[in-house]
1. Answer yes if at least one residue in the stretch 59-74 is part of a helix (DSSP H, G or I) and touching a residue at least 60 places away in the same chain (Cβ under 8 Å), and no otherwise.
2. Regarding the stretch 4-17, can at least one residue be identified that is within 18 Å of residue 164 (Cα to Cα) and either modelled with pLDDT under 80 or in the same structural domain as residue 108 (by TED's automatic domain parsing) (or both)?
3. Within the stretch 446-472, track down each residue that is assigned to a loop (DSSP other than H, G, I, E, B) and either in contact with a helix residue (DSSP H, G or I) (Cβ under 9 Å, 6 or more places away or on another chain) or surrounded by 16 or more Cβ atoms within 10 Å (Cβ to Cβ) (or both).
4. Give just the number: which of (1) modelled with pLDDT under 95; (2) under 30 Å from residue 60 (Cα atoms) does residue 185 not satisfy?
5. Provide a single number: the residues in the stretch 564-595 that are under 28 Å from the mean Cα position of the chain (by Cα) and outside any loop (DSSP other than H, G, I, E, B).
6. So for the stretch 396-404 (the condition being more than 27 Å from the chain's Cα centre (by Cα) and surrounded by fewer than 19 Cβ atoms within 10 Å (Cβ to Cβ)), does at least one residue qualify?
7. Quick one: which residue in 140, 121 is in contact (Cβ under 8 Å) with a residue 12 or more places away in the chain, under 29 Å from the mean Cα position of the chain (by Cα) and not assigned by TED's automatic domain parsing to the domain that holds residue 504?
């Protein structure tokens, strides 16, 4: 019942629920009653409860803090109401006349005005330090001076800190009411107004003088100076929600290995925050006007990893060729989006992609489709893995999509059946459940199904720990966890904390140190190895978030169950058995006809009764009747192994750059006017 209340209130813990009840249900009503009685001890206890509950909820960054603001019960209002109730208490005690009472009321009014000034200064500092462009691996500081950020103590939760400076006058007022002497209240007034004024004054240097952040114009000029010096040739452009950062992260290594000068352009700050470490120059340009005014005249090829509306801000530039590379090859309808007609070319992994576009007949011409392979699949190890314990089956369903098509995901219709059958298999297997990052973002049903599956896997994991048939090497597990902690501490140290959430400092100091970058790469590999050793090989696991990556889950698995998505095409690179769920109930024959990637799969109904066939193929290579079909399908979906995918990708970039150059020369010879403004 308590857990239901926690979910209904959308809070993170029982503690948050208790704090909210203490604040709203108990604290303020009791304050009012104590003031009316009047009862100073009861009032003091209730005031302490409200202060404490407020502080706790803000420290926890509780969702309820936002909800209270929406219903006109925000933090500032709560403090003001508490102060008004103190005034009521003093009036009920017969202290409504006299210098102390008037001074107290004047203090509260003045303090409220001081909060407005303080809040305005904080807002102005944050606006000033939010640059029109944020960068990584671009030395803007050589052209524009970016000062250090204000101390974290000044800006972090600044509004809450300022409001709590009413404590001296609040406590002083209570003591004066109890003792019948105005001295303590007077001292409180001086302390509150003095501290509030000091907190406000110390912010002024960050808006005036050498600590002031650079203007937007100077930052944009510095960006233009850098672009003219660097002369980027190939751009990876990306726009999306924070959950979609994986779509650009999968291309970072490929961009690092291009034969041309690369640049990554992002449109959302939240994606920049989640961008994986890279040595490629990165510029985040949230404003469409700022992007369209950047001088990208040297760029010849623009690569797009997602079909989104903001692509139009770069697609408008005719001096470069535009390519849709996507973030995975699959048989989903989204993989043949008619929007793709806007690009000069569409690159696919293998011939399957070419055939998919031809069958879709949405206006993408066959001569505009180029097969380049999938260079980012290099980390996937091919072939059956050596194992000493139970086999591992990965369940990696895709998300619910933008509509309620039952074929989008198996999560709701088949997820529990799949997991329950795997957990109840005659010969034990380990289950890894890794949902899509978007799972539950649109559909409450999908979110609830995910929560049920998570609970199911975690309960099974807990039960297996108690099973005497499964031996746990405590020493090895503990050693791996200690190693994991050391690696994480070192990674945190290398990530640094100088920026501390300040965009300007992150831009100034965000130039990759190659030595540090290489160390981070090595530590990531060690982290991955230690992670899988930090629990027994037979322990079920729910894996959410970006770490460990999906491909690492492929490498420790012996088979996978998934849906129609790029996950299936990628897993085929491993050569291991896999199953795909016909969640729309098309029937095996029609399902295969419509979806290339399932030609070598065990096809599951929503009841998942066919799982035994997949498990048999995992346990006995002789029973793996689809092994040959998987090998043929791999080449059809992902292209040939020779020449390597990266070689083919670089060749495609070079060929398209030549087309862009030829087009631009024709325009010059024809005397065409300048087509795209650079300022």
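1. Within the stretch 59-74 (the criterion being part of a helix (DSSP H, G or I) and touching a residue at least 60 places away in the same chain (Cβ under 8 Å)), the answer is no, since none of the residues qualifies.
2. No; the residues of the stretch 4-17 include none that is within 18 Å of residue 164 (Cα to Cα) and either modelled with pLDDT under 80 or in the same structural domain as residue 108 (by TED's automatic domain parsing) (or both).
3. Residues satisfying the conditions are 470, 472.
4. (2)
5. So the count comes out to 11.
6. no
7. The conditions single out 140.
Every residue, every condition in (1) outside the structural domain of residue 425 (by TED's automatic domain parsing); (2) buried (at least 24 other Cβ atoms within 10 Å of the Cβ), yes or no:
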{"position": "512", "(1), (2)": "yes, no"}
{"position": "515", "(1), (2)": "yes, no"}
{"position": "522", "(1), (2)": "yes, no"}
{"position": "561", "(1), (2)": "no, yes"}
{"position": "572", "(1), (2)": "no, yes"}
{"position": "582", "(1), (2)": "no, yes"}
{"position": "589", "(1), (2)": "no, no"}
{"position": "596", "(1), (2)": "no, yes"}
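The values are calculated or read from the model by the stated rules, or taken from the named source; none is laboratory data. Since we're looking at a predicted model, the values are computed, not measured. Cβ coordinates were reconstructed from backbone atoms using ideal geometry, including for glycine residues, and neighbour counts include every protein chain displayed.
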